[in-house]
Amino acid sequence: MNPADIWTNWVWSLDAERGVLTDEQLQRRAERERKKQPKAKLSSSVRQRLRRSVAVFYELIDFPEVAKSGLLPPEPIGPPPNYDRQGRLIYHLPPTLDRYQAAPVNGPKSGLQQVWQAMCLSGFFGMPKDPVANDLLIKGTWRLITQLPESTTGVSDTTWQIYTNRVRKLLLPHATLPVPEHLPSWLEDMIESRKERLPLQALWRLMCERDVVDATADDLLIWLLGANCGLRFHRG
């Protein structure tokens, strides 16, 4: 490989960055343990050596002869990845979600970074490069998010529920798909007094649960008549 072929993703995917030890390093560890010497954090040390090497590599830019030679990559190597307390790669929020997170809100932080981190670690979600609120709030996707195990989220189920509740609250103002929390305009138009809102909200939640959010007022009438007659609601 030529120095000019070195690029960011390749550098930070090397075994040294991931803390994977070579046979020689494993042998040195075994020798230290045999001699009962203090354990060295070899996974961290090999990562630090790689990062120092990258820094030294780019000091060559200061030499005009090298900079003009074409030996260096056309683009600088990007910053190294960050890791959480459990040593797992941190996945930063994509632009649109980061913009949601940056918006001023009252109360505690939303937990969107934690939710995104767990989604990426799970490998279950085929998100677009720059997802929007709808991509997370789709019924099946949101259900998977709320059901992620503690081994993936890194927190208790109770804490995870707090995070997902906050994130949903953050995402809802940006949603354009039907969600149980937002009555569609045609149902809003039916409300003539405050006491009528609760039953219509309950009806809308049921419609969302049964995936009949595109039903019309006529469909609902047929549905209710069918329910009273013991018939199953069927559209089409």
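The values are calculated or read from the model by the stated rules, or taken from the named source; none is laboratory data. These numbers come from a predicted model, not from an experiment. Please note: Cβ atoms are built from the backbone with ideal geometry, for glycine as well, and neighbour counts cover all protein chains shown. Protein only, heavy atoms only, side chains kept; ligands, DNA and RNA dropped before computing areas. Shrake-Rupley method; radii C 1.70, N 1.55, O 1.52, S 1.80 Å.
Values as computed for the structure displayed
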read-out	value
Cut-off under 5 Å, modelled amide H: who pairs with residue 83 long-range	90
Residue-level accessible surface for residue 98, protein heavy atoms, 1.4 Å, Å²	80 Å²
Sparse-neighbour loop sites [GluC sites (Glu not before Pro); region 127-200; at most 16 other C-beta within 10 Å; DSSP]	181, 192
Per-residue HN-Hα couplings for region 204-212 [Karplus 6.51, -1.76, 1.60; θ = phi - 60°; Hz; x = Gly/Pro]	5, 4, 5, 4, 5, 5, 9, 6, 10
Heavy-atom SASA rank of 127, 119 (probe 1.4 Å, accessible area, largest first)	127, 119
Total charge dipole magnitude, region 65-195, about the Cα centre, Cβ charges on Lys, Arg, Asp, Glu only, Debye to nearest 20	260 debye
Accessible surface ranking that places the most exposed of 129, 169 first, with a 1.4 angstrom probe	129, 169
For residue 174, solvent-accessible area (1.4 Å; no DNA, RNA or ligand), Å²	80 Å²
For region 214-219, 3J(HN,Hα) per residue [Karplus equation, 6.51 cos²θ - 1.76 cosθ + 1.60, θ = phi - 60°, Hz, x = Gly/Pro]	8, 5, 9, 4, 5, 4
